[in-house]
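Input: a single structure, listed below in structure tokens.
Here, each number is a calculation from the coordinates, and none is a lab measurement. These numbers come from a predicted model, not from an experiment. Glycine also receives a Cβ, built like all others from the backbone with ideal geometry; neighbour counts cover every protein chain displayed.
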Amino acid sequence: MDDLYKYEKELWNKNIEYIGGVDEVGRGPLVGPVVTACVVLPHDFKLKGLTDSKKLSEKKREEFYDYIVNNCTAYAIGQCSPEEIDKYNILEATKIAMKRAINDVKKQINLEYVLIDGNMKFDLDIPYLSIVKGDSKSISIAAASVVAKVTRDRMLIELDKKYPMYGFKDHKGYPTKKHIEAIYEYGLIDGYRKTFKPVSDIIENQKNK
């Protein structure tokens, strides 16, 4: 756990109090938004086992989500719709979603610094540090990864209730074999990213018929 506080402690020692961890989920799926979270943790925050959300079971993520949102200093969700992803491309849409989460936290507290997962370059009005694999190196980013992942998974579970034949609750919109077979069998519904293959190929084939 102490290793996960390395970046936060360095900043706290410089009297930078409010540090947001930022992460995203949903860059690869064919359907639904890209979702980001910005989470600010108190100095005494402890959650044994917290790490990159992809390394946690669904049950553990749900438990951790509840603990994080009830014990953090502040948090916010940002997202970009499939239409925005098609308009801007997935990288730019991810940045926009991250900025939305950051800006929403800034409305709650005096956010002073953000730690961002990945190798992102931003035009922000507060200092930031991008950390490759940050969700396994920073407690704040790890917390954000859990909040973003659970938020997006819940969206896809709701979508599954409307369209159970696509299996969204299982693959969460990622291009698995079963998902792609379902698209060819049942067609496209609202929420698909039209610039992502094979969705773009299906649309092109329909135009040419």
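Build a GNM of the chain with springs between Cα atoms under 10 Å apart, and of Gly78, Gly187, Gly21 the one that fluctuates most is Gly187.
Here the range 168-209 is assigned +1 on the Cβ of each Lys and Arg and -1 on the Cβ of each Asp and Glu. Its dipole about the Cα centre then comes out at about 120 debye. Dividing the summed helix terms, -39500 (n - 2.57) for each DSSP H run of n ≥ 4, by the number of residues in the chain produces a 222 nm estimate of -13500 deg cm²/dmol to the nearest 500.
Among Lys177, Lys169, Lys95, the residue with the largest mean-square fluctuation in a Gaussian network model of the chain, with springs joining Cα atoms closer than 10 Å, is Lys177. Note on the chain: with charges restricted to the Cβ of Lys and Arg (+1) and Asp and Glu (-1), its dipole about the Cα centre is near 400 debye.
Cβ-to-Cβ counts within 10 Å put Phe168, Phe64, Phe122 in ascending order as Phe122, Phe64, Phe168, the fewest first. For the range 137-208, the normalised intensity computed at q = 0.12, 0.14, 0.25 Å⁻¹ comes to -0.41, -0.52, -1.12 (log10 of I(q)/I(0), Debye sum over alpha carbons, equal scatterers, no solvent).
In this Cβ point-charge picture (+1 for Lys and Arg, -1 for Asp and Glu), the range 88-154 has a dipole of about 160 debye about its Cα centre. In this structure, the amide hydrogen of Val34, modeled 1.01 Å from its nitrogen in the peptide plane, lies closer than 5 angstrom to those of Cys80, counting only residues at least 5 positions away or on a different chain. Projecting the Cα atoms of Asn110, Leu159, Val69 onto the charge dipole of the chain, computed from C-beta unit charges around the Cα centre, puts Leu159 farthest toward the positive end. Computed from the alpha carbon atoms alone, the convex hull of the range 2-208 holds 119 Å³ per residue. Applied to the range 149-159, the Karplus parametrisation 6.51 cos²θ - 1.76 cosθ + 1.60 on θ = phi - 60° returns per-residue 3J(HN,Hα) values of 5, 5, 4, 5, 4, 5, 4, 6, 5, 5, 5 Hz, with x for Gly and Pro. Taking every DSSP beta bridge with both residues inside the range 33-151, roughly what % is antiparallel (nearest 5)? That works out to approximately 65 percent antiparallel. The DSSP beta bridges internal to the chain are antiparallel in roughly 65% of cases. For the range 2-208, the residue among Tyr128, Gly187, Leu4 whose Cα projects farthest onto the positive side of the dipole built from Cβ charges is Gly187. Among Ser145, Ser138, Ser81, the ranking by other beta carbons within 10 Å of each residue's beta carbon, starting with the fewest, stands as Ser81, Ser138, Ser145.
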